[in-house]
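Enquirer: Sharing a structure here in structure tokens format.
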């Protein structure tokens, strides 16, 4: 085994192959930092070039790219609250508040260092577990997968911060959205509204960008403050603090890397779940996490980032051992393997073990190079948080628009992002935690699926399998543990005495929002009755519970007043609710600015529909900076045109992304055949 | 008479000039152009894998040597790519695609969401049948022979009730009397295979190529029994394995099973949007045909266990149209199994 590993290392250290590895890594860093684009686009681009390479070089360039997208995705997550890839959604919960507190450098430093260590641990685990891979993966059946997903869903309580009922309600929204599309059990189409767009369910990219990116950018545009303007001072040498944070939390890194690699190796869990589970684990187990997680605790960034890089090593397990890809990127990698005549399966663990180890080395080396490059630039990147918002918002929003279209390459991606953007913004304003919605969405489809397979295959015998009982036991402990500890008087220890009082009803915009959600749940509950039993079961249960949770929350909102009679201040933590202060604005002005922001966003899509998305981006950049940001024409032209040319170079000529067809392009096909951006 | 001869000469020269121009155009049509290839199967599937392998051979053989760009467009059981290629893709010859074998069948049974006319596509070629086989895991399946599957309950894995991995065994249960219990919901054939290996299901009715190409160890170690196949004609790799329609008990069942089997034989089809320039269609047909017969490509597909039995565009189109012209009774029966259940009123 060690001979094979050393032979693979020797192959990878060949100068040409190292060059390919570095090239792949640099490309991975670029695509990872662009929201919505991710490793899949980068790999698609690379693939044709790999067919003429020898297997080691092809592995080096492809793994270099895949291994580090989850390193650079920290950049938009921390700086703008925009997840670079779906695997970094949990990073924003603490990374973005840190940037708002003037600690962007520290968050980036910690994120990159945690990514590197996580990636290395993931690679090591893969290397050592290679001989026992197969029996391990074969031991995990649908009932075990179901148990893991239920465990993941139990983290909703942790991710809800101080608003558990609202969090549960939000999770129900996510679970309901996950039932969209073709139901594999009954073959009925649910909630597709007659469109093909929703036929296979809602893609996660528009939902994630809508829930996180749009509300944050909208708030920045409305408040017109720079990202770190409220901070007392920006610490530009914070990256070293971040690195130190990682080493002082080395056991957290180790635990989360194990979670990442372990769950990554199970086909059927998915990259978008892993960072949440690691974050939830940290929030439950770290000292004092209940008071600080979600409002800028560096350990939240470390947990999420170390797990999502470690998962790449794990995800290689089913890919090489069984030819079962753990993600879309792995599927593309697998198709490259087959074309390169690298057969996944038994051979990769026996006669071609050196190729498997070259995968391990590529992941490990790429993580080191990727983190090194990012760390070198961390402090410069941190300065982005000081850029005036009139310049920053259009630049970031343009990338979000280009990225979201890559989800399924139809106009529906924009519609979905706007819808969830509006919902996300309202949730943020009214104190609803958003992470449970995303968690509900990513786990909803899996839970329904594994539940039906388990019941259909084993009836109820699956409940008695020992791994299932063990995981369910852990889940119960996770849920009931804090409740029991609460009853044992932890509140008194802090000297806080809360008293609830029944009072005359008080209505607010927040309660109106809750009523709207209840009515929506009610409508879906009613409409679900039109499906046959198998297809209506989950939507009805979810909407039923949703109504229950939100009604209870609404009741307490309207009738109950909570008073702190002890005089001891209560720190109320809302996970990732870095509430933008609009105190300096009147209600009327806020509404006006919201409408203006929506107008700008819609105009990009509207103009894009007529002339093409990239030309519309140029118009948007120039007009927004000049007329909304009130920047000088000179600055607007220099920045606007430079940024646009950079986008043109990057998206059209380097990444060769697909552009939506515009009316002009359809009317004049010659124009589109010459310039694809139309 | 002299006038007529002169006229005839001028006409002949004119026609020759036009033909020359046409040839010239056909040869030069793709020079410096990019051909966008849309794949209905998505980045995970075999459609994408075939296209990727064919990519450089297409560039080599399509006159003018265009650059090929592959755009996976999975979704809605292949309808998304088919509708896109028919309605929205460029009709100037710079777009083509590989669509699912079910395009004619979907139109014939009136599946909701179909926005194309199978006959009007510019047909290019079929690279060969996509045959499904009944593969049972020997150590877990109670059925060991083809006779057993009519007597013993066998648990099969499937990707969903709308997929052939469910529909075809269901039809077999209803027509020829097999006793399959089908567990649906696996996300992709890879997950079904994993479920087979860990004993969660005992077999599957799905692509033969997926075994030949990607599960060579199953065959080498004799772990699976291949008991039935799906095509109109038996796959050349499996001459002793009977097709499903051969088990039909009466004429009506046979007609129906052959109708279902025709899609397998139609196989991996390549088409361009309707109404593309004739020069483009000619160049594409020549390019695809030559690429599929390139000795290097043939050797590569053989080495990788990928099916290759090219069928000309005319034959492929005729087969697709014959599916659409099936007897009303057959179509009615197909609707019962293939269309989604309507919502309750």
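The values are calculated or read from the model by the stated rules, or taken from the named source; none is laboratory data. As the structure is a computational prediction, the values presented were derived from the model and not from experiment. Methodologically, a virtual Cβ is constructed for each residue, glycine included, from the backbone with ideal geometry; neighbour enumeration extends over all protein chains shown.
Enquirer: More than 10 Å from chain B (Cβ to nearest Cβ), over 20 Å from the mean Cα position of the chain (by Cα) and more than 29 Å from residue A:476 (Cα to Cα) - does that describe any residue in region A:308-316?
Expert: Yes, region A:308-316 contains at least one residue that is more than 10 Å from chain B (Cβ to nearest Cβ), over 20 Å from the mean Cα position of the chain (by Cα) and more than 29 Å from residue A:476 (Cα to Cα).
Enquirer: Let me ask something else about it. Test each condition in (1) away from every other protein chain (no Cβ under 14 Å); (2) surrounded by fewer than 23 Cβ atoms within 10 Å (Cβ to Cβ) for residue A:339 and report the one that comes out false.
Expert: Just one mismatch for residue A:339, condition (1).
Enquirer: Shifting gears a bit: Filter region B:60-81 down to the residues that are outside any loop (DSSP other than H, G, I, E, B) and more than 10 Å from chain A (Cβ to nearest Cβ), then identify the one that is farthest from residue A:674 (Cα to Cα).
Expert: Looking at the filtered set, the residue picked out is B:78.
Enquirer: When you check residue B:280 against the structure, is it touching a strand residue (DSSP E or B) at 6+ places or on another chain (Cβ under 8 Å) and either within 28 Å of residue B:133 (Cβ to Cβ) or in a helix (DSSP H, G or I) (or both), yes or no?
Expert: Here the answer is yes, as residue B:280 does meet what is asked.
Enquirer: Which one of these is over 22 Å from residue B:101 (Cα atoms) and either under 15 Å from the mean Cα position of the chain (by Cα) or surrounded by fewer than 22 Cβ atoms within 10 Å (Cβ to Cβ) (or both): B:303, B:286, B:242?
Expert: From the options B:303, B:286, B:242, the qualifying one is B:303.
Enquirer: If I go through region B:165-176 residue by residue, how many of them are free of Cβ contacts under 8 Å to residues at least 60 places away in the same chain and more than 9 Å from every other protein chain (Cβ to nearest Cβ)?
Expert: Qualifying residue count, region B:165-176: 3.
Enquirer: Oh, and also: Have a look at A:360, A:393 and point out the one that is within 27 Å of residue A:205 (Cα to Cα) and either surrounded by fewer than 24 Cβ atoms within 10 Å (Cβ to Cβ) or in contact with a helix residue (DSSP H, G or I) (Cβ under 8 Å, 6 or more places away or on another chain) (or both).
Expert: Only one candidate passes the filter, namely A:393.
Enquirer: Return the only residue of A:23, A:43 being over 16 Å from the mean Cα position of the chain (by Cα) and buried (at least 24 other Cβ atoms within 10 Å of the Cβ).
Expert: None of the others qualify; the one that does is A:43.
Enquirer: Let me ask something additional. From the list B:131, B:148, exactly one residue is surrounded by fewer than 23 Cβ atoms within 10 Å (Cβ to Cβ) and modelled with pLDDT of 90 or more. Which is it?
Expert: Being surrounded by fewer than 23 Cβ atoms within 10 Å (Cβ to Cβ) and modelled with pLDDT of 90 or more holds for just one of B:131, B:148, which is B:148.
Enquirer: Find the helices (runs of 4 or more DSSP H) located wholly in region A:69-160 whose residues include 2 or more that are within 14 Å of chain B (Cβ to nearest Cβ), and list them.
Expert: In region A:69-160, the matching helices (runs of 4 or more DSSP H) lie at A:133-138, A:142-153.
Enquirer: Right, here's the next one. Would you pick out the residues in region A:286-306 that are assigned to a helix (DSSP H, G or I) and without any contact (Cβ under 8 Å) to a residue 12 or more places away in the chain?
Expert: Once the filter is applied, which keeps residues that are assigned to a helix (DSSP H, G or I) and without any contact (Cβ under 8 Å) to a residue 12 or more places away in the chain, region A:286-306 yields only A:289.
Enquirer: Just to be sure, is residue A:617 surrounded by 20 or more Cβ atoms within 10 Å (Cβ to Cβ) and outside any helix (DSSP H, G or I)?
Expert: no
Enquirer: Applying the selection to region B:89-114, what residues are facing chain A (nearest Cβ under 8 Å) and either crowded, with 23+ Cβ neighbours inside 10 Å or under 22 Å from residue B:278 (Cβ atoms) (or both)?
Expert: Listed by number, the residues that qualify are B:90, B:91, B:92, B:94.
Enquirer: Only one residue in B:321, B:238, B:257 is closer than 29 Å to residue B:214 by Cα, touching a helix residue (DSSP H, G or I) at 6+ places or on another chain (Cβ under 7 Å) and either outside any strand (DSSP E or B) or without any contact (Cβ under 8 Å) to a residue 40 or more places away in the chain (or both). Which one?
Expert: Sole residue among the options that is closer than 29 Å to residue B:214 by Cα, touching a helix residue (DSSP H, G or I) at 6+ places or on another chain (Cβ under 7 Å) and either outside any strand (DSSP E or B) or without any contact (Cβ under 8 Å) to a residue 40 or more places away in the chain (or both): B:257.
Enquirer: In addition: Looking only at region A:451-466, decide whether some residue is away from chain B (no Cβ under 14 Å) and assigned to a loop (DSSP other than H, G, I, E, B).
Expert: Yes, that holds for at least one residue.
Enquirer: Separate question: So, residue A:509, is that one at pLDDT below 90 and loosely packed, with under 12 Cβ neighbours inside 10 Å or not?
Expert: yes
Enquirer: Follow-up. Of all residues in region A:641-678, how many are outside any loop (DSSP other than H, G, I, E, B), within 29 Å of the chain's Cα centre (by Cα) and surrounded by 13 or more Cβ atoms within 10 Å (Cβ to Cβ)?
Expert: Of the residues in region A:641-678, 8 are outside any loop (DSSP other than H, G, I, E, B), within 29 Å of the chain's Cα centre (by Cα) and surrounded by 13 or more Cβ atoms within 10 Å (Cβ to Cβ).
Enquirer: Only one residue in A:310, A:261, A:283 is farther than 20 Å from residue A:78 by Cα, touching a residue at least 24 places away in the same chain (Cβ under 8 Å) and crowded, with 24+ Cβ neighbours inside 10 Å, so which one is that?
Expert: A:261
Enquirer: Now, a different point. Pick from region B:82-114 the residues that are farther than 21 Å from residue B:164 by Cα and not in a loop (DSSP other than H, G, I, E, B): which of them is modelled with the lowest pLDDT?
Expert: B:88
Enquirer: Among the numbered conditions (1) modelled with pLDDT of 85 or more; (2) farther than 21 Å from residue B:50 by Cβ; (3) within 14 Å of chain A (Cβ to nearest Cβ), tell me where residue B:117 comes up short.
Expert: Evaluating residue B:117 over (1) modelled with pLDDT of 85 or more; (2) farther than 21 Å from residue B:50 by Cβ; (3) within 14 Å of chain A (Cβ to nearest Cβ) leaves (3) as the failure.
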